[in-house]
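Worksheet: one structure, shown below.
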Amino acid sequence: MNTYATVVLAAGKGTRMRSTLSKLLHPLAGQPLLSHVLKSVEAIPSTSVFAPWRESVATQRPIVVLGHEAEQILSAFGERCQYAMQHEQLGTGHAVLAAQEAVDALAPLPDTVLVCYGDTPLVRSEMLASVLAEHLSQQATVTFLTADADPSSDYGRVVRDSHGDVREIVEVKRATPEQLQITEVNSGVYCFERAWLWESLHALPRNASGEYYLTDLIAVAGVQERRIATVRGSLDETLGVNNRVQLAEAEQVMRRRILERHMYAGVTIIDPASTYIDEEVSIGTDTVVLPGTMITGKTTIGSWCRIGPGTTIYQSSIGERCVIRNSALEESVLEDEVSMGPFSHCRPGAHLARGVRMGNFGEVKNSYIGAETDVHHFSYVGDATVGEHVNIGAGTITSNYNGLTKEKYHTTIGDGAFIGCDTVFVPL
């Protein structure tokens, strides 16, 4: 069986982010930048593009090349990846060469090396698979991804000869006026024949900047009349994030993709422009999400719910046929047919059983509320267990905190209890 190794370049310092946090750990739709790239890499074998090769070509965990802030990335991703260190940053070619030992230690030894960048979170698994599949089918020495861009862009230009064959990639600062008019640009995803890659990188001279550029290998392959293949893709997919302006641009693209995925799956989103949903959120069919809603973390929402407007949900589980109006949930559980709001708040540890009705300006924290219980407006239930079919009148609170001893006290209310308005429970 043939194999391929994936090398993800992640050694850059990211100084333009102006942050003590590694650039690759900055969140995009709730996940670090690098996580989006790894997710796409890991999904290559399951894509339809790769289907013809699934039985004959295998891979292993991606190899991430680290440099600056390496400890932060190691701590965040652990054994999800294999790692190589680029101790001195001397360009992209030098970064790939830093992975040679890790690649050559794989068993079986890979025939192909797929290279991409850790700061391009919008690249899809289908696009990576397309480059890899083209490389395999063409039996090419080098295959890379190209796209169309405006002549004013700062992407490297793809130079072809009169027969249409690729001869080189020319960086903008080295391009002639004629070459700057070329609209086909390099998108930064490559496949290489492994043995040729290492031999060529070791022989690659430094360029005028004193660095080793991976793009210079294209000219080497051209001079050697090696087979060079290309795949045309969308420039948006390989948008690099180097500063917070570009991070915001990538956020817009990613969030639109997420919203479209949910809408195609049967979720109604009234106003996508004012709705924010993280990557890991799961929503059932026929649920309606109203404007001004933010759903984040690993949240699950069932079918036939109505969420919003003006609702924020973080890391929570919501059943089916729930209605949540102008409210906030954090690390909470709502079973089926719960009604909540407007202007209510479920804090961490809140668990509302089937059919609970929670009125406006209510708050629940670290408490279980039994089925078909009513928690009326301006009530606070904290550190409590409330039975089924209970009526909690307006203005009721559980006085659960002792300010002197700093202890929390637990309140228990049995099934069927009727609690009148303005009641204060002081557990002993």
Breaking point among (1) open to solvent by less than 60 Å² (accessible area, probe 1.4 Å); (2) touching a residue at least 24 places away in the same chain (Cβ under 8 Å); (3) farther than 14 Å from VAL8 by Cα; (4) among the small types (Gly, Ala, Ser), for GLY78: (2)
Hey, THR287 over 30 Å from ILE169 (Cβ atoms), surrounded by 18 or more Cβ atoms within 10 Å (Cβ to Cβ) and within 14 Å of the chain's Cα centre (by Cα) or not: no
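So if I check each of VAL57, VAL113, which one is under 30 Å from ALA229 (Cβ atoms), touching a helix residue (DSSP H, G or I) at 6+ places or on another chain (Cβ under 6 Å) and crowded, with 19+ Cβ neighbours inside 10 Å?
Numbers: VAL57 fails: touching a helix residue (DSSP H, G or I) at 6+ places or on another chain (Cβ under 6 Å).
So the residue among VAL57, VAL113 that is under 30 Å from ALA229 (Cβ atoms), touching a helix residue (DSSP H, G or I) at 6+ places or on another chain (Cβ under 6 Å) and crowded, with 19+ Cβ neighbours inside 10 Å is VAL113.
Considering segment 18-28 alone, what residues qualify as being crowded, with 21+ Cβ neighbours inside 10 Å and in contact (Cβ under 8 Å) with a residue 60 or more places away in the chain? Steps first, please.
Keep residues of segment 18-28 that are crowded, with 21+ Cβ neighbours inside 10 Å, which gives 22-24, 28.
Once the filter is applied, which keeps residues that are crowded, with 21+ Cβ neighbours inside 10 Å and in contact (Cβ under 8 Å) with a residue 60 or more places away in the chain, segment 18-28 yields LYS23, LEU24, LEU28.
Return the residue satisfying two criteria in turn: it lies in segment 62-75 and is open to solvent by 60 Å² or more (accessible area, probe 1.4 Å) and under 18 Å from the mean Cα position of the chain (by Cα), and of such residues it is farthest from LEU90 (Cα to Cα). Spell out how you get there, then give the answer.
Let us first name the residues in segment 62-75 that are open to solvent by 60 Å² or more (accessible area, probe 1.4 Å), namely 68, 71-72, 74-75.
Next cut, under 18 Å from the mean Cα position of the chain (by Cα) only: 72, 74-75.
Details: GLN72: 21, LEU74: 22, SER75: 25 Å.
So, considering only residues that are open to solvent by 60 Å² or more (accessible area, probe 1.4 Å) and under 18 Å from the mean Cα position of the chain (by Cα), the one farthest from LEU90 (Cα to Cα) is SER75.
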Residue within segment 361-371 that is open to solvent by 50 Å² or more (accessible area, probe 1.4 Å), modelled with pLDDT of 95 or more and assigned to a loop (DSSP other than H, G, I, E, B) present: yes
Members of segment 16-50 that are within 16 Å of GLU71 (Cβ to Cβ) and either touching a Leu at 6+ places or on another chain (Cβ under 7 Å) or in a helix (DSSP H, G or I) (or both): LYS23, LEU24, LEU25, PRO32, LEU34
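Select from segment 263-283 the residues that are among the acidic types (Asp, Glu) and touching a strand residue (DSSP E or B) at 6+ places or on another chain (Cβ under 8 Å) and write down the one among them that is surrounded by the most Cβ atoms within 10 Å (Cβ to Cβ).
Keep residues of segment 263-283 that are among the acidic types (Asp, Glu), which gives 271, 278-280.
Subset that is touching a strand residue (DSSP E or B) at 6+ places or on another chain (Cβ under 8 Å): 278-280.
Working: ASP278: 22, GLU279: 20, GLU280: 16.
Applying the filter and picking the extreme gives ASP278.
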Pairs with Cβ under 7 Å, 6+ apart, first in segment 147-159 and closer than 15 Å to ILE218 by Cβ, second among the charged types (D, E, K, R) and open to solvent by 50 Å² or more (accessible area, probe 1.4 Å): VAL159/ARG167; VAL159/GLU168
Residue check, PHE418 within 42 Å of the chain's Cα centre (by Cα), among the aromatic types (Phe, Trp, Tyr) and modelled with pLDDT of 95 or more: no
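So that you can scan it fast, the table gives a plain yes or no per residue for (1) part of a strand (DSSP E or B); (2) within 30 Å of the chain's Cα centre (by Cα); (3) of a type in the set (D, E, K, R); (4) at pLDDT 95 or above:
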| site | (1), (2), (3), (4) |
| --- | --- |
| GLY164 | no, no, no, no |
| LYS173 | no, no, yes, no |
| SER187 | yes, yes, no, no |
| ALA195 | no, no, no, yes |
| TRP198 | no, no, no, yes |
Counted residues, segment 295-329 - those being assigned to a strand (DSSP E or B) and either modelled with pLDDT under 95 or among the basic types (Lys, Arg) (or both): 1
Subset of segment 244-262 [more than 15 Å from the chain's Cα centre (by Cα) and open to solvent by 40 Å² or more (accessible area, probe 1.4 Å)]: ARG244, VAL245, GLN246, GLU260
Subset of segment 372-395 [within 21 Å of PRO348 (Cβ to Cβ) and crowded, with 19+ Cβ neighbours inside 10 Å]: THR373, VAL375, SER379, TYR380, VAL381, GLY382, ALA384, VAL386, ILE392
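The values are calculated or read from the model by the stated rules, or taken from the named source; none is laboratory data. If you're wondering where the values come from, they're calculated on a predicted model, not measured in any experiment. Neighbour counts are summed over all protein chains in view; Cβ atoms, including those assigned to glycine, are modelled from backbone coordinates with ideal geometry. The protein model used for the area step is the full one, side chains on, heavy atoms only, and it has no ligands, DNA or RNA in it. Shrake-Rupley method; radii C 1.70, N 1.55, O 1.52, S 1.80 Å.
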